[in-house]
Amino acid sequence: MRILHISDLHVPAEVDDEQRRLVEAFLRDLQAQNRDVRVDLVVFSGDLSCEGGVDGFASARQILLDPLREALPGCPIVLTPGNHDVDRDKINGIIESGLQVQLVSDEAVDALLNDQETFAQAKRRLEPWDTFASEWCADSDRERIGLLVHVHRFTVDGCKIGIAVLNSAWRASGGDDDRGRLIIGAHNSSDAVAAIDQEELRLVVVHHPLTWIAEFDALSHRSLFESHGLFVFTGHEHTPDPASEITTRGAALYSRAGCLYAGSGYSNSYTLLDLDHRIRQATVTVRRWWPQREELDQATDLRASSTPHSGDRGSCASCRDRSGAEPDRGRSNAHGDPNCVRSYGGPAVLASPEQGGDRRCSA
């Protein structure tokens, strides 16, 4: 199956000509790619709008989401909020300061989620998003799990797919101050993953990479993702960066998307992932915006990787120590080595190993 992964549109209420040209070029290029291989699922991993207002969401729907639905009829489009989808005018500074001090453990997060009045105040910043998302998903099978997460279930070519849509934006205020203090909510996320655990292909969508999440919550989620062998879709950092992570906890595949944000200073791009669930393999292709030509094409400024690795001996000098000892079994991405999967233009191949004899597809 083929998944289109896009993120970080950042559309304002009034769309400028540069972004309109970029999005129109993206839609033309996508249609050409879709003629070759059909797109089965669209994942948008947050920052649909620029300022989290009603007008910005209306503009995003007009220039991107409605044309996507028309170009890919019948194809599910899954959304999650990002920090730019927050209405900052709705943040109560006094409550915010208190929560920053108090939310330092899973138990403290659970206590907040059980305090309906305080939680409602904390989440007011996402009221416009919640209204928009409810309207957009009105005809879908979206199921709420707890207060912060939703799940979707689809079947594509006989493969049953479960998607846990997590929310890393409910504690966001915007800017670099968010780094290391955002919270997803591990127990809510565990409930969502449990709800899709019997599906053959299990995906997670969340806006922020785990480096932006508070340490206690990031550790819980890293363990959750890897122990369940999930495919995790994120955005936020505007740089396409697929990676396979193998640890003692298990393995997960991560797709971090670029952006569709006007301006040549950003890595405007989109990602196509061709998944073979039978062998737990993803072939990743990035197509980027070339502003001089005003079109999207293969990201030839990024090197292709034909041989993925998981930090194995001899594959990447930066993934092993100078003595040639067994390397750290961490991220399988790169540091300029053409055989390391972070250096890719497309297609690159990521693989997740079988675990514990479980024959279900995990990525």
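Let me confirm something: among V54, V86, which residue is modelled with pLDDT of 95 or more, hydrophobic (A, V, I, L, M, F, W, C) and within 25 Å of the chain's Cα centre (by Cα)?
Of the residues listed, the single one that is modelled with pLDDT of 95 or more, hydrophobic (A, V, I, L, M, F, W, C) and within 25 Å of the chain's Cα centre (by Cα) is V86.
Has region 86-100 got at least one residue that is touching a Phe, Trp or Tyr at 6+ places or on another chain (Cβ under 9 Å), touching a residue at least 24 places away in the same chain (Cβ under 8 Å), assigned to a loop (DSSP other than H, G, I, E, B) and buried (at least 23 other Cβ atoms within 10 Å of the Cβ)?
yes
Kindly evaluate V204 against the criterion of being crowded, with 20+ Cβ neighbours inside 10 Å, under 19 Å from A251 (Cα atoms) and touching a helix residue (DSSP H, G or I) at 6+ places or on another chain (Cβ under 8 Å).
So V204 fits the description; yes.
Can you name every residue in region 184-212 that is farther than 21 Å from V43 by Cα and of a type in the set (A, V, I, L, M)?
Once the filter is applied, which keeps residues that are farther than 21 Å from V43 by Cα and of a type in the set (A, V, I, L, M), region 184-212 yields only A186.
I need the full set of residues from region 1-20 which are closer than 14 Å to A60 by Cα, touching an Asp or Glu at 6+ places or on another chain (Cβ under 7 Å) and either surrounded by 21 or more Cβ atoms within 10 Å (Cβ to Cβ) or among the basic types (K, R) (or both), in order please.
Listed by number, the residues that qualify are S7, D8, L9, H10.
Pull up region 224-258, narrow it to residues that are outside any strand (DSSP E or B) and of a type in the set (S, T, Y), then point me to the one that is nearest to L272 (Cα to Cα).
Checked region 224-258; the qualifying residue nearest to L272 (Cα to Cα) is T239.
Which one is surrounded by the fewest Cβ atoms within 10 Å (Cβ to Cβ) among residues in region 230-239 that are in contact (Cβ under 8 Å) with a residue 60 or more places away in the chain and within 23 Å of H84 (Cα to Cα)?
Out of the qualifying residues, it is H238.
Have a look at R69, R142 and point out the one that is crowded, with 18+ Cβ neighbours inside 10 Å, free of Cβ contacts under 8 Å to residues at least 40 places away in the same chain and touching a strand residue (DSSP E or B) at 6+ places or on another chain (Cβ under 9 Å).
None of the others qualify; the one that does is R142.
Within region 29-50, which residues are under 18 Å from the mean Cα position of the chain (by Cα) and either among the aliphatic types (A, V, I, L, M) or within 30 Å of R88 (Cβ to Cβ) (or both)?
Correct list: V39, L41, V42, V43, F44, S45, G46, D47, L48, S49, C50.
The values are calculated or read from the model by the stated rules, or taken from the named source; none is laboratory data. As the structure is a prediction and not an experimental result, all values here were calculated from the model. So basically every Cβ, Gly included, is an ideal-geometry build from the backbone, and we count neighbours across all protein chains shown.
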